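What follows is a short report on a single structure.
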Amino acid sequence: MAQYDEVYSKVCEMLCDAKDLKEADLTPDMPLYQLKLDSLDYVELMVLAKKAFGVTIEADVFINNINMTLGELCHYLSEKSQ
């Protein structure tokens, strides 16, 4: 199981690269929609989850949880990476 801190760090790194942000701009309680992610960003998150943590994220996870926070996503990934 991947540790939450490791997951959070990798997800933040990917988001910072994709959206030209600094890690200080991100907080665990920030809803993903505030980051103005486009469909390619979500695909990149799904690819990262599979490559880095062995977790397959279906698009429905994002579609059915429109208020998902960065922290909730990272907890989800860390729990599923067993």
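Annotation note: GluC sites (Glu not before Pro) in the chain located in DSSP loop regions with a Cβ neighbour count of at most 15 within 10 Å are Glu58. Database remark: amide H of Thr69 closer than 5 angstrom to the amide H of Leu32 (H placed geometrically; neighbours at sequence offset of 5 or more, or on other chains; Pro and chain starts carry no H).
In terms of other Cβ atoms within 10 Å, Ser78, Ser9, Ser39 run from fewest to most in the order Ser39, Ser9, Ser78.
Each residue of the stretch 66-72 was assigned a 3J(HN,Hα) from its phi angle through the Karplus curve 6.51 cos²θ - 1.76 cosθ + 1.60 (θ = phi - 60°); the sequence is 5, 9, 4, 8, 4, x, 5 Hz, with glycine and proline shown as x. Put simply, the amide H of Ser81, placed in the peptide plane, has neighbours under 5 Å in Ala2, leaving out anything fewer than 5 places away on its chain.
What's the longest uninterrupted piece of the chain once you rule out the trypsin sites (Lys or Arg not before Pro) that are loop residues per DSSP with at most 10 other Cβ within 10 Å? The reported range is 37-82. Structural descriptor for the chain: relative contact order 49 percent, calculated from alpha carbon pairs under 8 angstrom and at least 6 residues apart.
Expressed per residue, the C-alpha convex hull volume of the stretch 4-80 stands at 79 Å³.
Here the spin labels are modelled as points 7 Å beyond Cα on the Cα-Cβ line, and at Met30 and Asp60 they lie 2.9 nm apart.
Going down the table (Lys36/Lys80; Lys19/Lys80; Lys50/Lys80; Lys22/Lys50), which pairs top 19 Å between alpha carbons? Show your work: numbers first, answer last.
Working: Lys36/Lys80 25 Å; Lys19/Lys80 26 Å; Lys50/Lys80 11 Å; Lys22/Lys50 24 Å.
Exceeds cut-off: Lys36/Lys80; Lys19/Lys80; Lys22/Lys50.
Bear in mind that the values in this text are calculations on the coordinates, not laboratory data. Just so it is clear, the structure is predicted and the values come from calculations on it, not from any experiment. With ideal geometry, Cβ positions are generated from the backbone for all residues, glycine too; neighbour counts draw on all protein chains shown.
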